[in-house]
Amino acid sequence: MARFVFITGGVLSSLGKGITASTLGMLLKARGLNVTIMKCDPYLNVDPGTMSPYQHGEVFVTEDGAETDLDLGHYERFIDTNLTRYNSVTTGQVYSTVISKERRGDYLGATVQVIPHITNCIKENIVRVSAINDADVTIVEVGGTVGDIESLPYLEAIRQMRGDVGRDNVCYVHVTYIPYSKTIGEMKSKPTQHSVKEMRAIGLAPDLIVCRTTRSLTREIRNKISLFCDIDADSVIEARDVDCLYEIPLEMERLGLATLVLKRFAIADSQPDLEQIKQLVKNVKANKPDKVRIGLVGKYIKIADAYLSVIEALTHASFACDASLELVWVSSEQIEREGCEGLLDTLHGVLVPGGFGDRGIEGKISAIKYCRENNVPFLGICLGMQCAVIEFARHVAGLEGANSSEIDDKCPHPVVSLLPDQSGVVKGGSMRLGAYPCRINMESRAAGLYASPLIYERHRHRYEVNNEYRARLARKGLVISGTSPDEQLVEMVEIADHPFFIGCQFHPEFKSRPIRPHPLFSGFFAAANDFRKK
Ligand code: GLN
């Protein structure tokens, strides 16, 4: 029997619905259940691929090449499962589907409406994910906050699901915020009451309320939420801020989140196997006074969500190390103005992540030059690798004015360019996306990091290293450490006589998991830790 947990949010956005969904997924999976998690995003974009990282944070890419919300990254990291394009649905996709069907005449003369046509399409998406994964439990996170106009069709759809699959097979979890008023010295439940009132007006009643709070919930506030929101006091779960993300599942297990959900489904509870995550948290909390200072050279400074998976992957790599991560934000535009010396000289490693457009590009190239010349461990991802190739071309191979044709399509040496058959592309969904095979050069450093000579990594880019320059760059010492199996595409480059200098065209960060850090990140972090000790 397929069961569904629906996660909604109240009061504020960014409350951690995604982490709640991920945590519940992990706790159910740790009991041997087959779990999948999906995200419903109420915006009209077909996918977040065209949105600015300022607006939306990073775009998470699945193995099958869907550009999705960053919450899918949390889901994959917590349930340790690769998800697919079906695990993400947006209003843009739903409307596109319904409108295409209408144009084909599939609705046989009916007036096409939000209810039932849009809601049916949403429900079909939810049921399909459950069926494809043969899931015991499908967790569905509804983006936005209850009360938003645009999330209404999703709330109506999940209300209808109760009738479709039966009351005993659905569980509604509402995540809210309990503010604390310093002047009165009290926690306040009123915003939560209003949010639940809003839900009840559309026919939804939560089974569990997860309360984000900075203090412990008092018995009094619990009783108040229970009375006004019409749920058991035991079904009010406190979610306090913690130091490490991966402590949340342990805390939620202690508070009985999964047990309550299983009770709702009348599934017998069992002991979860959380050994690996316990071990990991113990490791994170161990006293590690030494810090490995890694500079993240980008244009979205201090917007952690824009580089979420990169930061997570660095964190995962640090778990196994005797020193912890200190992330240092470095603005590539500031490097352009002030040079590298004062900004990079105290770092133990530099990471140049992916990106688009020309802003800050020369700063990234200068940072890479600094790393190459000063033996500072360097990892370049996607645009970061392209910048490394440009830097090498200009300063080692003597190709003056080398650039990427994305930045300057009239440059004398386009060492990074579009492939000949790539002209006339539109902006959305037109990149090389998702997992592609890469054959590793067995003489390279990369071969020592990866356990296998053939790897699969996820891509999201348009431009490629220009094959016309490959031989010239290689002659000057740029090692091509990975290519597509047909050898047509350069996937990884490195410099041999350097403690660690690797660039990859793909995004390794998407495949890093807390219990299985990615080999490139582990190798980079270990090299940075050695650099620190020198
Ligand atoms: N802008 C570059 C390209 O399209 C790199 C993309 C990226 O870093 N994700 O190829």
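Using the Kirkwood radius built from alpha carbon pairs, what does the Stokes-Einstein equation give as D for the range 100-166 at 4 °C and 1.567 mPa s, in µm² per second? D = 97 µm²/s. Give me the net charge for the shell around GLN193: Cβ to Cβ below 11 angstrom, other residues only, Lys and Arg +1, Asp and Glu -1. Summing Lys/Arg as +1 and Asp/Glu as -1 gives +3.
In sequence order, the range 364-373 has phi-based couplings of 5, 4, 5, 4, 5, 4, 4, 5, 4, 6 Hz under the Karplus curve 6.51 cos²θ - 1.76 cosθ + 1.60, θ = phi - 60°, and Gly or Pro positions carry x. Along the range 68-76 the Karplus relation, 6.51 cos²θ - 1.76 cosθ + 1.60 evaluated at θ = phi - 60°, assigns HN-Hα couplings of 10, 5, 5, 4, 4, x, 4, 4, 4 Hz to successive residues, with x for each Gly and Pro. The angle between the Cα long axis of helix 119-132 and the main principal axis of the chain comes to about 70°, on a 0 to 90 degree scale. Over the chain, what relative contact order in percent results from Cα pairs under 8 Å that are six or more residues apart? 15 percent.
For the range 1-99, the relative contact order comes to 31 percent (Cα pairs under 8 Å, sequence separation of at least 6).
Give the dimensionless ratio obtained when the Cα radius of gyration of the range 138-179 is divided by 2.2 N^0.38 Å.
With N residues counted in the range 138-179, Rg over 2.2 N^0.38 Å equals 1.27.
Estimated from the Cβ-Cβ distance and a Förster radius of 30 angstrom, the FRET efficiency linking ARG439 and ALA304 is about 0.30. Does the range 384-514 come out rounded, prolate or oblate, given a ≥ b ≥ c as the square roots of the eigenvalues of its C-alpha gyration tensor, rounded meaning a/c under 1.5 and, failing that, prolate meaning a/b above b/c? It is oblate, given that a/c is not under 1.5 and a/b is not larger than b/c. For the chain, find the longest principal axis of its Cα atoms and tell me its angle to the long axis of helix 219-229, 0 to 90°, nearest 10. So the inclination is approximately 70 degrees.
If the label point is 7 Å along Cα→Cβ of ALA451, which residues in the range 484-519 have backbone nitrogen under 20 Å from it? Residues 508-519 fall inside that zone. Overall form of the range 151-288: oblate. Here a/c, set by the Cα gyration tensor axes a ≥ b ≥ c, is 1.5 or more, and a/b is not larger than b/c. Taking amide H as placed 1.01 Å from N in the peptide plane, the amide H of ALA239 sits under 5 Å from that of CYS211, ARG212, THR213, each at least 5 places away or on another chain. Given R0 = 60 Å, the distance between the Cβ atoms of ARG219 and ASP106 translates into a calculated FRET efficiency of 0.60.
Electrostatic bookkeeping for SER405 treats Lys and Arg as +1 and Asp and Glu as -1; over the other residues with beta carbon under 14 Å from its beta carbon, the sum is -4. Measuring r between the beta carbons of MET1 and ASP230 and using R0 = 30 Å, the FRET efficiency lands at 0.70.
Summing +1 for each Lys or Arg and -1 for each Asp or Glu, what net charge is found among the other residues whose Cβ lies under 13 Å from the Cβ of LYS369? Neighbourhood net charge equals -2. Close amide H partners of PHE500, meaning residues 5 or more places away or on another chain with modelled amide H under 5 Å apart, are PHE378.
Across the range 317-446, the volume of the C-alpha convex hull divided among the residues equals 173 Å³ per residue. Solvent-accessible area per residue in the chain equals 42 Å², computed with a 1.4 angstrom probe and all protein chains kept. Across every direction, the projection of the convex hull enclosing the Cα atoms of the chain has a mean area of 27.3 nm². Rolling a 1.4 Å probe over the protein heavy atoms of the chain, with every protein chain left in place, gives an accessible area that is 49 percent carbon and sulfur.
Amide H contacts of ARG31 (H built 1.01 Å from N, in plane; Pro and chain starts excluded): ASP273 sit under 5 Å, all sequence-distant by 5 or more or on other chains. Taking one quarter of the surface of the convex hull spanned by the alpha-carbon atoms of the range 180-244 gives a direction-averaged projected area of 5.0 nm².
Remark: the range 77-86, residue by residue, has Karplus-estimated 3J(HN,Hα) of 5, 7, 9, 6, 9, 6, 9, 10, 4, 6 Hz, where x stands for each Gly or Pro and the curve is 6.51 cos²θ - 1.76 cosθ + 1.60 at θ = phi - 60°. Pairs over the 32 Å Cα-Cα cut-off, from the set LYS299/LYS511; LYS17/LYS123; LYS39/LYS364; LYS278/LYS364: LYS39/LYS364; LYS278/LYS364. Cα centroid separation, the range 165-222 to the range 460-527: 48 Å.
The values are calculated or read from the model by the stated rules, or taken from the named source; none is laboratory data. What you see is a predicted model, and the numbers here were worked out from it, not measured in a lab. Note that we place each Cβ from the backbone using ideal geometry, even for glycine, and neighbour counts take in every protein chain shown. Surface accessibility is based on the protein's heavy atoms, side chains included, excluding ligands, DNA and RNA. Shrake-Rupley method; radii C 1.70, N 1.55, O 1.52, S 1.80 Å.
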